[in-house]
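Read-outs throughout are calculated quantities, based only on the coordinates presented, and are distinct from any laboratory measurement. Fair warning: this is a prediction, and the values are worked out from it, not measured in the lab. Cβ coordinates were reconstructed from backbone atoms using ideal geometry, including for glycine residues, and neighbour counts include every protein chain displayed.
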Amino acid sequence: MLNTLARMTLVSILAVAAGACNRDSADGGTSGSDGPVETVQHSVELVRNGDLAGLIEHMLPPEEFARVKTEWNQRKDQDEPTADERAQFEETMKKLTADDAAEKLYAEFEPDIRQFDAQYQKQIPSMVDMGNTYLHGLVRQSQTLSAGEKDQADSVIDTLSVWVKETRFTDPALVKQALTVISDTAKKLDLKTLEQARALTFEQASPKFKVAFDGLKGVFEVYGFSIDQTLSTVKVEELSRTKDTANLKISYSLMGTPLETTTEMVLIDGRWYGKDTIEKIRERKASQATDGAAVAPATAD
């Protein structure tokens, strides 16, 4: 269980970092007369406030946001969970919300922590170096990233690699702090069964997104990675602009390392959106239209 938790944490950290440097991460649309710079700044504020539902709405055209909400609300009719999944969810939530949950969970994890320290702690630097090399290779082989984006991704990977090397994630005091944050988050979510979680509409789930994200940020902060501090360093500068397009430079500091990227935005129906976001929406619609056309003759027969 400890190894699974560690993997999930590291994946989440990399996802946040990748989002910070990816062109879509800070893109979005606003209502009214906000320009592209204000649009990006508002995206950053939404993330800082933990308003993930608001961020999704901010990033997408109204029609696309409506589709996302509809698909969310229809998910409860798909992929019925098994009895084992229901039981596991309920057992996990009971453990996380119990009195003195952090102490009890630490006592459960302690043998795994000791085993991990004995077997792998000294190997962490070499393991990180191997992962670093692998990730750099993926970046260099990417067909979608520009040269500048590849350089920035390399910088993010190197920065996080140093952080992972210097942080002892199995430190007992830090583990207990992280478990306390996780327990407090579970109590605030107030979801005792998987049925309760699946029954939430998008609107009902929105405040719980914030609770979960705030909990995630809290865990990262225990280990010295402040998402809010990174977001507080974001600066947006307009490089060029036409009637319905804009090029922006976004600079920020990731754990003391200065980074910057550029993003393209487009104006549609009075709102600014990330160009990549709009292109991906159009690609999905085109693919669905092609699939529908291919199925139509067979359906007619």
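Counting neighbouring beta carbons within 10 Å and listing from fewest to most, the residues TRP272, TRP72, TRP163 come out as TRP72, TRP163, TRP272. Each Cα pair under 8 Å and six or more residues apart adds its separation to the average, and for the chain the resulting relative contact order is 28 percent.
Helix content alone sets the calculated 222 nm mean residue ellipticity of the chain: runs of n ≥ 4 DSSP H residues at -39500 (n - 2.57) each, divided across all residues, give -22500 deg cm²/dmol. Using a Gaussian network model of the chain in which every pair of alpha carbons under 10 angstrom is joined by a spring, one finds that among THR290, THR230, THR144 the greatest mean-square fluctuation is at THR290.
Here is the size of the range 72-126 from its Cα atoms: Rg then Dmax, 17.6, 48 Å. Size estimate for the range 176-301 follows the Kirkwood approach: the inverse of mean 1/r over distinct Cα pairs works out to 19.2 Å. The Cβ shell under 9 Å around VAL37 holds other residues with a net charge of -4, Lys and Arg each +1, Asp and Glu each -1.
Once the Cα atoms are used to define both axes, helix 62-74 deviates from the longest principal axis of the chain by about 40 degrees. Here is the size of the range 107-192 from its Cα atoms: Rg then Dmax, 17.6, 48 Å.
Report, in degrees rounded to the nearest 10, the 0 to 90 angle that the Cα long axis of helix 2-21 makes with the longest principal axis of the chain. The two axes meet at around 30 degrees. Cross-link pairs exceeding 23 Å in C-alpha to C-alpha distance, out of LYS249/LYS275; LYS165/LYS210; LYS95/LYS208; LYS104/LYS210, comprise LYS165/LYS210; LYS104/LYS210. The label point for ALA289 and the one for LYS192, both projected 7 Å from the Cα toward the Cβ, are 5.0 nm apart.
The Rg/Rh ratio for the chain is 1.00, where Rg is the radius of gyration of the alpha carbons and Rh is the Kirkwood radius.
For the chain, the longest principal axis of the C-alpha atoms and the axis of helix 83-97 are separated by about 70°.
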